[in-house]
Amino acid sequence: MGLSLTVLGCATPYPSTDNPCSGYLLEHNDTRLWMDAGTGTLGPLQRHTRLEDLDAIWISHLHADHSADLLTAYYALLFADIERDRIPLFGPPGIADRLAGFLTNGPQRSPVEDAFEITELHDGHETTIGQLRLISRAVHHGIPAFGVRAEADGVSLTYSGDTAPCPNLVELARDTDVLLCEAESAEKTQDMAHHTPEDAGDTATSANAGRLIVTHVGRFLSPQQAVARASSRYRGPVDYAAPGSTFSTP
Ligand SMILES: [Zn+2]
């Protein structure tokens, strides 16, 4: 079986009434990965899986629109009706201390590590969850940030996280079947921390991706504009990561 990606939300930098911030459920057979835990994504996640059945969480970077629902997941895991072992959590360097600072009002990590089994990412980090192989590469977002490539059964999906165009992302996405790429910026600016839609098209073309899904479209762009502008630079199929939608590889 291939990979299935469900969009829990993709709004930035704050959720709208019908679109939480960034979060995705990636599934391969019985393996379930929560990829980015942006504001408001824990609710819709449970339309598709119980927290008990989640195999791991992967966080691209520590901006709140990609990580804030780790805080509420912590309360679910430790103080409610959820009975399970710690959830493996992969995230940028500093994630354990950041969660401890917020959740324990101090440096003690112990309750946080009762909920999450934390692994801090580095450029080139690889791990296997079920039969899903995950490769993380550092990307350019002004703070420690990662993109990820998930592979199983000969198919792959690559997620940019938040990043300016960068060689590591193109390498990571080389010949990928699906590129889920952010397209936050309406215009090029000096200190780019994001892709414009044209950049997303260029990244998909450079990487020879099989299809492009634009996501994390900023407040100054419509999804239709983002798709049209990305399509001007990439010849393959382009879609928008509409909240609630599911994309499957062959
Ligand atoms: Zn973001």
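The values are calculated or read from the model by the stated rules, or taken from the named source; none is laboratory data. Quick caveat, the model's predicted, so the values are computed rather than measured. Here Cβ is always computed from backbone atoms with ideal geometry, including for glycine, and neighbour counts include all displayed protein chains.
Give me the pairs: first residue in segment 125-145 and in a loop (DSSP other than H, G, I, E, B), second residue hydroxyl-bearing (Ser, Thr, Tyr), beta-carbon distance under 7 Å, and six or more apart or on different chains, which are they?
The qualifying pairs are HIS125/SER136; GLY130/THR31; GLN131/THR31; VAL139/SER160; VAL139/THR163; HIS141/THR163; ALA145/SER60; ALA145/THR163.
For segment 129-187, how many residues meet the condition of being of a type in the set (Lys, Arg) and surrounded by 22 or more Cβ atoms within 10 Å (Cβ to Cβ)?
Here the count works out to 1.
What pairs come out if I take residues in segment 51-66 that are closer than 24 Å to HIS141 by Cα and without any contact (Cβ under 8 Å) to a residue 40 or more places away in the chain and pair them with residues that are among the charged types (D, E, K, R) and crowded, with 23+ Cβ neighbours inside 10 Å whose C-beta lies under 8 Å away, six or more apart or interchain?
ILE59/ASP36
Would you confirm whether any residue within segment 100-110 is touching a strand residue (DSSP E or B) at 6+ places or on another chain (Cβ under 9 Å), under 21 Å from LEU45 (Cα atoms), touching a residue at least 12 places away in the same chain (Cβ under 8 Å) and surrounded by 13 or more Cβ atoms within 10 Å (Cβ to Cβ)?
no
What number of residues within segment 204-242 satisfy the criterion of being closer than 22 Å to GLY2 by Cβ, surrounded by 19 or more Cβ atoms within 10 Å (Cβ to Cβ) and touching a Leu at 6+ places or on another chain (Cβ under 7 Å)?
Of the residues in segment 204-242, 9 are closer than 22 Å to GLY2 by Cβ, surrounded by 19 or more Cβ atoms within 10 Å (Cβ to Cβ) and touching a Leu at 6+ places or on another chain (Cβ under 7 Å).
How many of the residues in segment 180-208 are more than 16 Å from the ligand (Cβ to nearest atom) and not hydroxyl-bearing (Ser, Thr, Tyr)?
9
Given the conditions (1) closer than 18 Å to TYR240 by Cα; (2) away from the ligand (no atom under 14 Å from the Cβ); (3) of a type outside the set (Asp, Glu), report the number of the one that PRO20 does not fulfil.
(2)
Does ALA100 fit the bill of being within 16 Å of the ligand (Cβ to nearest atom) and of a type outside the set (D, E, K, R)?
no
Looking at segment 33-89, which of its residues are within 13 Å of the ligand (Cβ to nearest atom), in a strand (DSSP E or B) and either modelled with pLDDT under 95 or not hydrophobic (A, V, I, L, M, F, W, C) (or both)?
Within segment 33-89, ASP36 is the sole residue that qualifies.
So which of GLY23, GLY130 ends up being closer than 24 Å to HIS216 by Cα and touching a Ser or Thr at 6+ places or on another chain (Cβ under 8 Å)?
GLY23
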